[in-house]
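Notes follow the structure.
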Amino acid sequence: MRTPKTFSLSKPTMKHPFTYSLLYLFILLLLACHSKPTDVTQKDELPDIYPDYVGVTIPVGIAPLNFSMTDDEVETIDVEVKGSKGGSIHANGSFADFDIDEWHQLLEENKGGTLTLTVCAEKDGRWTGYRDFQIMVSSEELDAWGITYRRIPPSYEIYSKMGIYQRDLSNFHERALLENTQTPNQCINCHTANRTNPDQYVLHVRGQHSTTMIHRDGQDELLKGKNDSLGGSMVYPYWHPGGRYCAFSTNKTSQMFHTANVKRIEVYDNESDVFIYDTQTHTVLKDTLTMKLLWAENTPAFSPDGKWLYYTTALRQLYPPGYDKECYSLCRVSFDEHTGRLGTQVDTLINGQSSMVNGQSSMVNGQSSMVNGQSSKSVTWPRPSYDGRYLMYTQVDYGYFSIWHPEADLWLLDLNTGETRALDEVNSDCAESLHSWSSNSRWFLFNSRRDDGLYSRIYLSMMGKDGRATKPFMLPQRNPKEFYRQLLYSYNTPDFTSRPVNCNARQIGRNIESDLRTDTKVEVYE
Amino acid sequence: MLAISVFCFWLFLYPFIPVVREMSILFLWNTDYLMERLAIPGGLAQYLGEGVAQFFVNPFNGAIIYAVLFVVAQLLSMKLLRQFFPTIKKQYQFVLSLIPPIVLWGLAMLPHVPLTPTVAVLLVMGAGCWMMGSTSKKTRLVAVCVSIPVMYWLTGPAAILLTLCCIRWIPLTATLLAACLIGSSYLVPYPLEQIARGIDYDWSGVKEMGTYEEMECDMLIRQKDWKGILQRFPSPVSPAVRSAVILASYQSGIINYQQLMSQIVVPVDRYENKPSVFCVGDMHFIVYFGSVSSAFIVSDLSTLLGWPNIAQRAAFDAMEYIPNHNKSARAMKQLTEVCIITGQYTLARKYLSILENTTFYREWVQKMRPLLDNPKLIEKYPFMKESQEKYANTEDVFFI
């Protein structure tokens, strides 16, 4: 009996190379070709796309807003983008994958205008057309080359791979600045630049070779990870605009876990204080005003003119019973950059709990109305806009570690009028926090867990001149649906960077491992 | 004979070691997973090692695969010995050829040594056999010089064995390998010391896979072999195993629910100095982490006790304990179950879409998907339904 000839792709012979070349070419062509919309059934509804880019406002220069239909069973998506001032581009495939150059050209052409997107989707061989939607192209510059952030998996007891990365916002290119594979078994965190300047930043390493690394004037200075005179580590930093000083909090952080609650974890401090580090004289400047015994001072931030230091403070509670009673107020104290000294009077801008401000001074501009209706809430992560107009903060029901609080929302304090309001335009039912401003204060980014409730993603929004924010859009990716689904890391402490950060990870890794540390002095002011 | 010995050894004496290797990987059939590994020296060996380790989901597979690997090692050794020392008697060649498989066998006993070095050595031995086939010494030297950088990138420092193919030229070939090592330290984010040791050759360090006791107990919990747990651990050492024995007593009907809770949850002061002690209300749950296996035990026990939040935390930490930063398919399955119990369906969908790219969890994914589209189908899964009800009616208290 003759054996029938079989045709196996897994065992190609080299007897017929031409045949196989043709076959592979045919397969490639098949993969490259997607069907075009025919017999389209129109639906009077907006397409359900991921990420939700319907009606968002974007800056010129942003990477293409590629997207997919949320329905996994959609085989092909066909998208036509037309600019209100001219030009059009087209994408057809399993997801809308726009050509980067064509996209940028279209955005340039339509600066200050709108893009209209016509979407058709093919499912089970049938095409459906949806109502057109718009994307607004802002005339406001982004004023940033890209962003920096940490990526970290959810963890509690121990940490695995993590790193600090930079991402070019005009495309999808991401580069690691420092990964903890370079410094094994250590935690890297809180990369913080001075007003998006990549030449001046600070980061921490926790673990066997712990350190706080300060990069300034082209030099890396490594401080001891734990400073005995502080009683702990340098934790949440914020640069003085002059570049000489950096404010830090020092926190003794603990965590406890809920057995049956939407909230999984409470992160709290047994102790925390705020102090200032003078990078020129290597001196830790402690002031009893921001290191009160029964109070937890935290999350410092300088005003853009450098004359004020904002921080949050709360009366410490006993844990676990008082876990939901620790409400942080937003305060500020004057700062003299010539002497490095804080002033003597603390202003309470937002009152976490009315009983907490007894004995402290009046509100900003004397407007006590600012705190009305805001009692029993907690303020965290104050971030003044660099133009000095606003201060954005996160409000939670209690505590300060907002990423684990689904109720965490962004709020905006108008520093001219003293009015504060929830940024409902950008908030969701999940946690929003860890926000940062672009250097021209026209754009801001923030973390949100709205995507799946656990993993933090980055969103960007524009702040209008009227103080209204535009609908935020998720950080673009080449194939966002696939990318974010597969990503088991959260984005953490994102910030804009005006230029690419130039750092030598190999050298930094060696410096960290070397344990050579700069000595610091301490000065205490009563 | 070698194959039978290896098979019996792994199946009857140490079945839990291959199982531990399986729960320390999340082998995905996608390009990103492959490229991520090929981007580092030794990446192909790691990829193939993990591809093999995914079959260890079942101890029987583990025993078979180890038997095959060690027999292949012996055959390759035999072939190399014939090429290197053709004049030695066959009996001696046979005895010498047993050395590499025995060394690899010893390495396999160490839980912190993954399959990567074993696969790397086999690949290099295979390449060595191919090169030794060349009759011209010059051709062989050229082949070795070309192969060293390539094999170094694919298999890691095991490529050093190739230098033996041209013994007279060892200074040259060893220098070439050293240049590859140093050069690669500028390309990948690892310290030179770790690159020289093999990036994925040795996991020893701060993180641990667990003690043999924890590994075996974890395997038995996975198999729901409660009687086995009671028989194997009459006097447990690890707190996690101690908790498992208490639960096994309950599952076997030896103690009732009240006794279970009073034994598994003990007053604060008895364990106050232990790290990571759980506290339920003002009571402590007597387990703590410290390794991949103990974290998995905690996760499993917590799921069975109806505390999905603790199970979720422990599953995340189990993954974080994996020394080479791998993720774990088993942990992800556990996380998916927790998400279904607690109603985090979007998150569950995310994990399922990842597990869909695995070999052995894909079928389970197909079963779970309809449940997300129609949560009422949970009726078909009595344990999950019961856990969901328990979770909804449990008073929220803290554990530390």
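Points to keep in mind about this one:
- Sparse-neighbourhood loop sites, trypsin sites (Lys or Arg not before Pro) in the range B:56-161 - DSSP loop, at most 14 other Cβ within 10 angstrom: B:LYS89
- Shielding value for B:319-326 is 5, the average number of Cβ atoms from other chains within 10 Å of each residue's Cβ.
- Beta bridges per DSSP with both ends in the protein assembly as shown, % antiparallel, nearest 5: 90 percent
- Protection proxy ranking of A:193-203, A:95-105, B:291-301 - average other beta-carbon atoms within 10 Å, highest first: B:291-301, A:193-203, A:95-105
- Neighbour-count order for A:THR281, A:THR394, B:THR173, fewest beta carbons within 10 angstrom listed first: A:THR281, B:THR173, A:THR394
- Largest first and in whole Å, the equivalent-ellipsoid semi-axes of chain B read 46, 22, 19, each the square root of five times a Cα gyration tensor eigenvalue.
- Between the Cα long axis of helix B:99-108 and the first principal axis of chain B there is an angle of about 20°, rounded to the nearest 10.
- Rule-of-thumb Rg ratio for the range A:192-275 [Cα; 2.2 N^0.38 Å; N residues]: 1.30
- Whole-number percent relative contact order across the range A:41-137, with pairs defined as alpha carbons under 8 Å at least 6 apart: 37 percent
- Considering only B:TRP169, B:VAL188, B:TYR152, and ranking their Cα positions along the charge dipole of the range B:2-197 that arises from unit charges at the beta-carbon of Lys, Arg, Asp and Glu, the one farthest toward the positive end is B:TRP169.
- As a proxy for reagent exposure, A:ASP324, B:ASP396 were ordered by neighbouring Cβ count within 10 angstrom, fewest first; the result is B:ASP396, A:ASP324.
- Quarter of Cα convex hull surface for the protein assembly as shown, i.e. mean projection, nm²: 46.3 nm²
- Alpha carbon centroid spacing (whole Å) that separates the range B:198-239 from the range B:359-376: 29 Å
- Computed over neighbours whose Cβ is under 13 Å from that of A:ILE508, the net charge equals -2, Lys and Arg +1, Asp and Glu -1.
- Straight-line cross-link reach from B:LYS224 at under 20 Å between alpha-carbon atoms covers these aspartates and glutamates, not counting any fewer than eight positions away in the same chain: B:GLU22, B:GLU213, B:GLU214, B:GLU216, B:ASP300, B:GLU337, B:GLU386.
- Centre-to-centre separation between the Cα atoms of the range A:106-124 and those of the range B:1-64: 48 Å.
- C-alpha long axis of helix B:59-84 to longest principal axis of chain B, angle in °: 10 degrees
- Helix B:239-251 axis versus longest C-alpha principal axis of chain B: approximately 50°, rounded to the nearest ten.
- The value of relative contact order for the range B:312-396, using C-alpha pairs under 8 Å at least six residues apart, is 23 percent.
- Under 12 Å, Cβ to Cβ, from B:LEU371 - net charge with Lys/Arg +1 and Asp/Glu -1: +3
- Counted charge near A:GLN255, where neighbours are those whose Cβ lies closer than 11 Å (Asp, Glu -1; Lys, Arg +1): -1
- Average projected area [Cα convex hull, the range B:212-393], square nanometres: 11.0 nm²
- For chain A, the relative contact order works out to 14 percent when only alpha carbon pairs closer than 8 Å and six or more residues apart are counted.
- In this structure, the residue pairs whose Cα-Cα separation is over 18 Å, taken from A:LYS43/A:LYS123; A:LYS85/A:LYS481; A:LYS82/A:LYS465; B:LYS333/B:LYS376; A:LYS252/A:LYS292; A:LYS43/A:LYS481, are A:LYS85/A:LYS481; A:LYS82/A:LYS465; B:LYS333/B:LYS376; A:LYS43/A:LYS481.
- Ordering of B:103-116, B:321-334, B:186-199 by burial proxy (mean other Cβ atoms within 10 Å per residue, highest first): B:321-334, B:103-116, B:186-199
- Unsatisfied cross-links (Cα-Cα over 32 Å) in the set A:LYS471/B:LYS367; A:LYS263/B:LYS327; A:LYS36/A:LYS111: A:LYS471/B:LYS367
- Per residue, the convex hull spanned by the Cα atoms of the range B:201-261 amounts to 95 cubic angstrom.
- Only DSSP H runs of four or more residues enter the estimate; each adds -39500 (n - 2.57), and after division by the residues of chain A the mean residue ellipticity at 222 nm equals -2500 deg cm²/dmol.
- Peptide B:117-123 - average C-beta neighbours from other chains (10 Å radius): 0
- Shielding by other protein chains, B:311-317, mean Cβ within 10 Å: 5
- Farthest toward positive dipole pole in the range A:41-137 [+1 Lys/Arg, -1 Asp/Glu at C-beta], among A:ILE77, A:LEU117, A:THR57: A:THR57
- Out of every Cα-Cα pair that the range A:146-514 contains, those further apart than 33 angstrom amount to 23 percent.
All of the numbers you see were taken from the coordinates with simple rules; none came from a lab. In this text, all values refer to a predicted model and were calculated from it rather than measured experimentally. Neighbour counts are summed over all protein chains in view; Cβ atoms, including those assigned to glycine, are modelled from backbone coordinates with ideal geometry.
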